[in-house]
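A.B. asks: There's a structure below that I have some questions on.
The values are calculated or read from the model by the stated rules, or taken from the named source; none is laboratory data. These numbers come from a predicted model, not from an experiment. Counting neighbours? That spans all protein chains shown, and the Cβs are built from the backbone with ideal geometry, glycine included. Ligands, DNA and RNA are stripped out before the accessible areas are found, and what is left, the full protein with its side chains, is counted by its heavy atoms. Shrake-Rupley method; radii C 1.70, N 1.55, O 1.52, S 1.80 Å.
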Amino acid sequence: MGDMLAGRVAVVTGGGRGIGRGVARALAAAGAKVVVNDYGVAVDGRAPSSGPAFDVVAEIERDGGEAVAVADWEGAGRIVDTARSRFGRIDILVTCAGILRDRMVFNMSEEEWDAVLAVHLKGTFACVRHACTHMREQRWGRIITFSSGSGLFGNPGQANYGAAKSAIGGLTKVAARDLGKYGVTVNAICPVAGTRMTVNEEVRRAREVRKERGIQREDRGVAQIEELDPDDVAPMVVFLASEHARGVNGQFFLCFGSTVALVSQPRPVKALYKADGNWTLDELDRLAPTTVLEGLVNPAPPKEA
């Protein structure tokens with residue numbers, strides 16, 4: 001694996017912590033030169049610090065790899081320019097950066113909506129837009145975006161995050177079609193891992209106490225999210241960034257623990273047809289419950305007041 005990406009240059013946004021840190025280090029271990037972008041913000045996007053990006057660069061260099069830090073949130077073009085000016089090209093883009101501002105939809109503010117959409121969706125598009133121009137010219141490139149189970153299945157309290165991640169899915173599919181003929185693939189990872197964004201302070205402290213005391217959870221049949229290592233996501237990212245995945249394009253992979261699962265593309269699963277005219281409400285009321293609606297489960301059934 002040490003030379004799988006030899007000669008390649010990668011940019012990892014959000015590479016200072018969590019999943020991004022693991023991805024940056026794994027790409028470097030596979031031989032890539034890495035630009036680590038991380039503004040160092042808190043989970044909600046506040047209180048920036050440039051430290052995390054430089055820390056990861058130091059780790060990569062300590063292990064014998066090559067990397068450079070960019071502690072800049074806004075300048076997608078500057079991130080790509082850094083890769084080209086420092087290492088001469090850009091071959092791989094991985095967009096891990098993100099923030100959370102969770103709120104039930106009936107309490108969410110416009111600012112909380114806009115901030116999350118800006119960082120996740122616009123941030124991903126901006127990086128893809130600047131990187132793909134050069135990848136198209138060199139007729140080789142690997143773009144790995146980050147969607148989420150919240151975008152695929154929906155999580156309570158994450159209307160902004162789920163909308164952004166679902167939209168990144170649409171962006172990924174379109175970009176895959178736009179760029180595939182130029183030798184550039186675009187795929188998405190939907191990760192599940194215990195990171196700052198998914199594990200709160202109370203859970204994190206409990207995990208640390210268990211680790212210190214050597215306590216193993218009894219309910220090991222189903223992995224708890226706080227026990228899923230963010231680094232477990234990195235191997236699939238490295239594979240998708242390599243020549244081995246040249247025929248994989250426009251796909252989504254759910255990654256957690258030791259599991260890599262291909263996510264099915266949306267498709268019609270049931271249909272009602274009528275030979276002539278439009279459906280009437282009476283007809284739908286009579287036929288839909290035993291055909292297209294049969295077996296459907298309400299994910300949030302109403303509760304008594």
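A.B. asks: Restricting to segment 118-151, name every residue that is free of Cβ contacts under 8 Å to residues at least 24 places away in the same chain and closer than 20 Å to VAL237 by Cβ.
C.D. replies: Answer for segment 118-151, where residues must be free of Cβ contacts under 8 Å to residues at least 24 places away in the same chain and closer than 20 Å to VAL237 by Cβ: just SER150.
A.B. asks: Of VAL199, VAL128, VAL192, which residue is among the β-branched types (Val, Ile, Thr) and at pLDDT 95 or above?
C.D. replies: Going through VAL199, VAL128, VAL192 in turn, the sole match is VAL128.
A.B. asks: If you scan segment 241-261, which residues turn out to be open to solvent by 100 Å² or more (accessible area, probe 1.4 Å), within 18 Å of VAL23 (Cβ to Cβ) and modelled with pLDDT of 95 or more?
C.D. replies: HIS244
A.B. asks: If you scan segment 104-117, which residues turn out to be surrounded by fewer than 16 Cβ atoms within 10 Å (Cβ to Cβ) and touching a helix residue (DSSP H, G or I) at 6+ places or on another chain (Cβ under 9 Å)?
C.D. replies: Passing the criteria: MET104, VAL105, ASP114.
A.B. asks: Still on this model: Looking at this structure, is LYS303 basic (Lys, Arg) and open to solvent by less than 80 Å² (accessible area, probe 1.4 Å)?
C.D. replies: It is false that LYS303 is basic (Lys, Arg) and open to solvent by less than 80 Å² (accessible area, probe 1.4 Å).
A.B. asks: Restricting the search to segment 129-150, which residues are open to solvent by less than 10 Å² (accessible area, probe 1.4 Å) and β-branched (Val, Ile, Thr)?
C.D. replies: Listed by number, the residues that qualify are ILE143, ILE144, THR145.
Table: residues versus (1) at pLDDT 95 or above; (2) of a type in the set (Lys, Arg).
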site: VAL174; (1), (2): yes, no
site: ARG177; (1), (2): yes, yes
site: LYS181; (1), (2): yes, yes
site: THR185; (1), (2): yes, no
site: ALA206; (1), (2): no, no
site: ARG210; (1), (2): no, yes
site: GLY214; (1), (2): no, no
site: GLU227; (1), (2): no, no
site: ASP232; (1), (2): no, no
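A.B. asks: Let me ask something else. If you go through segment 90-109 one residue at a time, how many are under 30 Å from GLY31 (Cα atoms) and not in a loop (DSSP other than H, G, I, E, B)?
C.D. replies: 4
A.B. asks: Which one of the conditions (1) of a type in the set (Val, Ile, Thr); (2) within 28 Å of VAL105 (Cα to Cα); (3) surrounded by 14 or more Cβ atoms within 10 Å (Cβ to Cβ) does VAL238 fail to meet, given that it meets all the rest?
C.D. replies: (2)
A.B. asks: Among the residues of segment 10-43, count how many are surrounded by fewer than 22 Cβ atoms within 10 Å (Cβ to Cβ), on the phi < 0 side of the Ramachandran plot and modelled with pLDDT of 90 or more.
C.D. replies: The number of residues fulfilling the criteria is 1.
A.B. asks: Quick check on segment 53-72. Is at least one of its residues of a type outside the set (Ser, Thr, Tyr), surrounded by fewer than 24 Cβ atoms within 10 Å (Cβ to Cβ) and modelled with pLDDT under 80?
C.D. replies: Taking every residue of segment 53-72 in turn, at least one turns out to be of a type outside the set (Ser, Thr, Tyr), surrounded by fewer than 24 Cβ atoms within 10 Å (Cβ to Cβ) and modelled with pLDDT under 80.
A.B. asks: Give the number of residues within segment 262-300 that are open to solvent by 100 Å² or more (accessible area, probe 1.4 Å), farther than 30 Å from ALA188 by Cβ and not in a loop (DSSP other than H, G, I, E, B).
C.D. replies: The qualifying residues number 4.
A.B. asks: For segment 77-89, give me each residue that is open to solvent by 10 Å² or more (accessible area, probe 1.4 Å) and either in a helix (DSSP H, G or I) or modelled with pLDDT under 95 (or both).
C.D. replies: GLY77, ARG78, ASP81, THR82, ARG84, SER85, ARG86, PHE87
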